[in-house]
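Written out below as structure tokens is the structure these notes cover.
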Number of protein chains: 2
Amino acid sequence: MAGNFADRLMAAIEEKNSRVCVGIDPVPERFPPEFQPSDGDWREDAVLTATRTFCWSIIGAVSDKAAAVKFNSAFFERLSPEGTRLLDDLLFTMENVHPDLLAIVDAKRGDIGSTATAYALGLFREYYGYSPGVPHAVTVNPYLGTDGFTPFLEEVRRLDRGVFVLVKTSNPSARELQDLEAEGKPIYVHVAELVNRWGEDMIGDRGYSSVGAVVGATYPEQLRELRQVMPHTPFLVPGFGAQGGGAEDVVGAFDEDGLGAIVNSSRGIIYAYAASPYASRFDASRFDEAAAQAAEDMRVAINEALGL
Amino acid sequence: MAGNFADRLMAAIEEKNSRVCVGIDPVPERFPPEFQPSDGDWREDAVLTATRTFCWSIIGAVSDKAAAVKFNSAFFERLSPEGTRLLDDLLFTMENVHPDLLAIVDAKRGDIGSTATAYALGLFREYYGYSPGVPHAVTVNPYLGTDGFTPFLEEVRRLDRGVFVLVKTSNPSARELQDLEAEGKPIYVHVAELVNRWGEDMIGDRGYSSVGAVVGATYPEQLRELRQVMPHTPFLVPGFGAQGGGAEDVVGAFDEDGLGAIVNSSRGIIYAYAASPYASRFDASRFDEAAAQAAEDMRVAINEALGL
């Protein structure tokens, strides 16, 4: 994989005129009826096959509507010990079939020293003896500070990939620690300043660093504030749709050219077939078309909110 | 698995008269020469077999010296997609062969809502269709706050297991965010107060909660401070040995009965065969005996520092 991650991200946004990231959070119980086991009990092989088919259908359906997909590692790890290999396979196939779609693995790891290195190598699929699929970027947790992040960053740099650091998450309780004020500014601004420093020597031709930030759609004012604090940091903005964020809420994540961020929606897209307004237009067997329509509607709504 | 996790932990400490937790951080390059591939290149099957044998030898050697072992998930995830299954197998075999040795999976996960639930189910090996080994406790990251922790805690409670929340980590950069002062106290005290609240209804017969805390050995004064702030919280204390903490440094983690904490050492025990003072006494093929001796020396040193 060649080229600065941030440059690739901006190019993907422009090529597809899309700021949408589709979150792949496979929950087998929410798959359409045709996927459900006849006796109601999932066996390991059945759950893996169903998840593979469901995820691959969604990826294909949204591939020309989205700049990126974000795989939520938890839902793969929870399936079976083979869940990680299933995610590897999806990454590998995506790289070959949809090379213009960026893949993010959302795993929120955070640890120190050689453990941080091991997490980076594992998440980027640099195993012993082989390397299957290539995620373009992953997410990390900053709670352990610089000496936890640096070994991780060394692998990101060596492999020419990207990372998004949790700065301000989208959940209500994010306030409990992240909004505490220390030395005259909230913790999330302290984290933002660390992110600036960590990414300062990885800025690409488009002015953005390969060290990005996770900033929730559910805090529109803080999105604007953090865009100012981190002018060279690409944002991954979760919390759109099911969590309550709308297109107007995410405007502050973008620069004046409408670049610098992607907005994630997971359940609102991949399970659109089962929810309003799509359930009345698509029956469950057309879940992939419902997802494509939901991604397209989100793409248009964000672009309109940005006046694009 | 029956019984409050904290009660089981205190019983394990008393039965073995040991406050030692052995950290299993498998790094194949550091295994003894007999494990190394003849051509210097690890293939997937070879690295898995070597890791399985190395880890199982260490577990057997330390099983009567240690109250617990702590598996560092990163090093298993990094081996191959089969690394998770290897860890499952170790957990399953341990449960049958060494039922009195507690197993902690150190994975430092942290996320919100249904993702937090999925991480809990994955870490506790509650897969679709089957459940292999049983870790007694896992570690989590608190950065996302209460609504990230609550779904995780619900699974901990339902499955009758334990969890250790990162409060003050052992690394030098832990200071950057964890020591910032907000509302008159450092962030790590804010986290400690959350931990108290999260664990208040899971206190067992021995006065400790199944919601524990990770507090580094490298900050002895803060260990004492946090023992006061969290009187009902079992501590998992990393940073002993290779990271610089000694037996005197960890005294503050314990209550007046010498209970309430376990102290982890990873590299200092499992790779003792290659370092002073054990390298001169044990050749590399006796790596397991070196580990047993290092664990025993650590057990005695901590007990002596506690006057036990």
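Quick note: the coordinates plus some simple rules give every number you see, no bench work behind them. The structure displayed is predicted, hence computed values, not measured ones. Quick reminder, even Gly has a Cβ in these numbers, built from the backbone with ideal geometry, and neighbours come from all protein chains shown.
Roughly how big is the range A:237-308's charge dipole about its Cα centre, with Cβ charges of +1 (Lys, Arg) and -1 (Asp, Glu), in debye to the nearest 20?
360
Evaluate peptide A:116-124: per residue, the Cβ atoms of other protein chains within 10 Å of its Cβ; return the mean as an integer.
Working: counts 2, 4, 12, 8, 2, 5, 11, 3, 1.
Shielding by partners across A:116-124 averages 5.
Quick check: the distance between the Cα centres of the range B:181-254 and the range A:222-274, to the nearest angstrom?
Their Cα centres are 37 Å away from one another.
Evaluate the relative contact order of the range A:244-308 (contact order divided by residue number), counting alpha-carbon pairs under 8 angstrom at least 6 apart; express in whole percent.
Numbers: 49 pairs, mean separation 24.1, N = 65.
Answer for the range A:244-308 is 37 percent.
Expressed as a rounded percentage, what relative contact order does the range B:66-218 have, with Cα pairs under 8 Å and six or more residues apart?
After rounding, I find 19 percent.
So what's the gap between the Cα centers of the range A:137-155 and the range B:22-50, to the nearest angstrom?
Between the Cα centre of the range A:137-155 and that of the range B:22-50, the gap is 26 Å.
Counting Lys and Arg as +1 and Asp and Glu as -1, each charge on the Cβ, what is the dipole of the range B:1-151 about the Cα centre in debye, to the nearest 20?
320
Please give the charge dipole size of chain B, origin at the Cα centre, charges +1 on K and R Cβ atoms and -1 on D and E Cβ atoms. Round to the nearest 20 debye.
The dipole of chain B has a size of about 80 debye.
Put the label 7 Å from Cα along Cα→Cβ for B:Asp64; what are its distances to the other copies, in nanometres, shortest first?
7.0
Given the range B:42-87 reduced to its alpha-carbon atoms as identical point scatterers, what log10 I(q)/I(0) does the Debye formula return at q = 0.25 Å⁻¹?
-0.91
Relative contact order of chain B: what whole-number percent is it, with Cα pairs under 8 angstrom and at least 6 residues apart?
Contact order relative to length: 21 percent.
Quick one: compute a quarter of the convex hull surface over the Cα atoms of the range B:193-249 and quote it in nm².
Details: hull surface 15.9 nm².
Mean orientational projected area (the range B:193-249, Cα hull): 4.0 nm².
Which residue, A:Leu153, A:Leu177, A:Leu87, tops the fluctuation ranking in a GNM of chain A built on C-alpha contacts under 10 Å?
For chain A, modelled as a Gaussian network with Cα springs under 10 Å, the answer is A:Leu177.
Which distances in nm, rounded to one decimal and ordered from shortest, link the label point of A:Asp257 to the equivalent label points in the other identical copies, with labels set 7 Å from Cα toward Cβ?
From this label point to the equivalent ones elsewhere in the assembly: 6.6 nm.
Per DSSP helix of 4 or more residues, -39500 (n - 2.57); summed, then divided by the residues of chain A. What does that give at 222 nm, rounded to the nearest 500?
About -12500 deg cm²/dmol.
For chain A, modelled as a GNM with alpha-carbon contacts under 10 angstrom, which of A:Phe287, A:Phe35, A:Phe164 fluctuates the most?
Among A:Phe287, A:Phe35, A:Phe164, the largest GNM mean-square fluctuation belongs to A:Phe35.
Could you rank the peptides B:95-102, A:109-116 by their average count of other C-beta atoms within 10 Å per residue, with the highest value first? Mind showing how you got there, number by number?
Numbers: B:95-102: 15.1, A:109-116: 24.2.
The densest-packed peptide leads the list: A:109-116, B:95-102.
For the range B:58-127 and the range B:277-308, what is the centre-to-centre distance using only Cα atoms, to the nearest Å?
For the range B:58-127 versus the range B:277-308, the Cα centre distance is 24 Å.
Taking chain B as a Gaussian network, Cα atoms linked when under 10 Å apart, which of B:Pro26, B:Pro135, B:Pro277 shows the biggest mean-square fluctuation?
Of B:Pro26, B:Pro135, B:Pro277, the Gaussian network model singles out B:Pro277 as fluctuating most.
Where does each of B:4-11, A:70-77, A:37-44, A:179-186 land if you order them by average Cβ count within 10 Å, highest first? Don't jump to the answer; show the numbers that get you there.
Values: B:4-11: 22.1, A:70-77: 26.1, A:37-44: 11.8, A:179-186: 14.0.
Result, highest mean Cβ count within 10 Å first: A:70-77, B:4-11, A:179-186, A:37-44.
Quick one: of the DSSP bridges fully inside the range B:102-215, what percent are antiparallel, nearest 5?
20
Based on the Kirkwood radius over alpha-carbon pairs, what is the Stokes-Einstein translational diffusion coefficient of chain B at 4 °C with 1.567 mPa s viscosity, in µm²/s?
Here the translational diffusion coefficient equals 66 µm²/s.
Assuming 0.692 mPa s and 37 °C, estimate D for the range B:113-249 with Stokes-Einstein, Rh taken as the Kirkwood radius over Cα pairs, in µm²/s.
This corresponds to a translational diffusion coefficient of 210 µm²/s.
Among A:Ala213, A:Phe235, A:Ser173, which residue has its Cα furthest toward the positive end of the charge dipole of the range A:154-308, with +1 on Lys/Arg Cβ and -1 on Asp/Glu Cβ?
Positive-end residue among those listed: A:Ser173.
Among residues other than B:Glu225 whose Cβ falls under 13 Å from its Cβ, what is the net charge (Lys/Arg +1, Asp/Glu -1)?
Charge balance near B:Glu225 sits at +1.
Using the 7 Å Cα-to-Cβ label point, sort the distances from A:Gly244 to its equivalents in the other copies shortest first and give them in nm to one decimal.
4.3
If you take the Cα Rg of the protein assembly as shown and divide it by 2.2 N^0.38 Å, with N the number of residues, what do you get?
0.94
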